[in-house]
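Below is one structure, written out as structure tokens; comments come after it.
The values are calculated or read from the model by the stated rules, or taken from the named source; none is laboratory data. Since the model is a prediction, treat every value here as computed from it, not as a measurement. Glycine gets a Cβ as well: all are built from the backbone with ideal geometry, and neighbour counts include every protein chain shown.
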Amino acid sequence: MVERRIDEVIQTVDALVQVEKTVGEFYGSCSEVFTQDSEFWLKLARDEFLHADVLVKLHEMITRKPHKFGPGKPFPIAALRTFIAQVDSERAKLMAGTLTMYDALVAAHHIERTIIEYKYLEVIKTEKSEYLEALDNLAVATAEHRKRIKKKMDEYRKSLSMQ
């Protein structure tokens, strides 16, 4: 029973790795399309890929020391797959040229808000402080992304109203 639950946690962590990579790819594509704001998007993309790396390391730790981890809040992997499909859909719109800079910012804000609201990172429980700190850092980074994106949205909206 415990082994099966740890397997579910590992599968969820793997899906979270894919979430982070997919979001990073979306932001990377935004940097290519919106070249005037390329650095803004590239920083977000780099952060997402770093988040994926942290989760890969967490997967490795869970696999090596499963007794140090336990299942947290259950989260259906199907929901993560749906989320990935939504991000891929936004990226397809971007590449087709139907997403404006503001639309991309709205999509990015929604992505970060969804990650925070659904508390994806609460699927894992552990007493090990270094793992808890890594998960907390991911949550803080996601909240910071949301703030940066919101600020950029406000700046962009303001610049449009001045034209």
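Could you please find all residues in segment 23-39 being touching a residue at least 40 places away in the same chain (Cβ under 8 Å) and within 16 Å of the chain's Cα centre (by Cα)?
Narrowing segment 23-39 to residues touching a residue at least 40 places away in the same chain (Cβ under 8 Å): 23, 25-27, 29-30, 33-34, 37.
Hits for segment 23-39 are Val23, Glu25, Phe26, Tyr27, Ser29, Cys30.
Taking segment 8-54 as the search range and keeping residues that are among the aromatic types (Phe, Trp, Tyr) and under 22 Å from Asp103 (Cβ atoms), which one is surrounded by the fewest Cβ atoms within 10 Å (Cβ to Cβ)?
Going through the qualifying residues, I end up with Phe34.
In contact (Cβ under 8 Å) with a residue 24 or more places away in the chain, within 18 Å of Asp37 (Cα to Cα) and in a helix (DSSP H, G or I) - does that describe any residue in segment 63-74?
Narrowing segment 63-74 to residues in contact (Cβ under 8 Å) with a residue 24 or more places away in the chain: 63, 66, 68-74.
This time we only want the ones that are within 18 Å of Asp37 (Cα to Cα), so: none.
For segment 63-74, residues in contact (Cβ under 8 Å) with a residue 24 or more places away in the chain, within 18 Å of Asp37 (Cα to Cα) and in a helix (DSSP H, G or I): absent.
Return the pair list, or none, for Cβ contacts closer than 8 Å from residues in segment 137-163 that are on the phi > 0 side of the Ramachandran plot to residues that are surrounded by 12 or more Cβ atoms within 10 Å (Cβ to Cβ), at least 6 apart or on different chains.
Correct list of pairs: empty, since none qualify.
When Thr98 is evaluated against the numbered criteria (1) over 17 Å from Leu55 (Cα atoms); (2) of a type in the set (Ser, Thr, Tyr); (3) more than 14 Å from the chain's Cα centre (by Cα); (4) modelled with pLDDT under 95, which criterion, by number, is the only one it fails?
(4)
Looking at segment 75-86, can you tell me whether even one residue there is buried (at least 16 other Cβ atoms within 10 Å of the Cβ), part of a helix (DSSP H, G or I) and of a type in the set (Phe, Trp, Tyr)?
The answer is yes; a qualifying residue exists.
Scan segment 91-108 residue by residue and report those that are hydrophobic (A, V, I, L, M, F, W, C) and over 12 Å from Lys152 (Cα atoms).
Pass one, segment 91-108, residues hydrophobic (A, V, I, L, M, F, W, C): 92, 94-96, 99, 101, 104-108.
Answer for segment 91-108, where residues must be hydrophobic (A, V, I, L, M, F, W, C) and over 12 Å from Lys152 (Cα atoms): Ala92, Leu94, Met95, Ala96, Leu99, Ala107.
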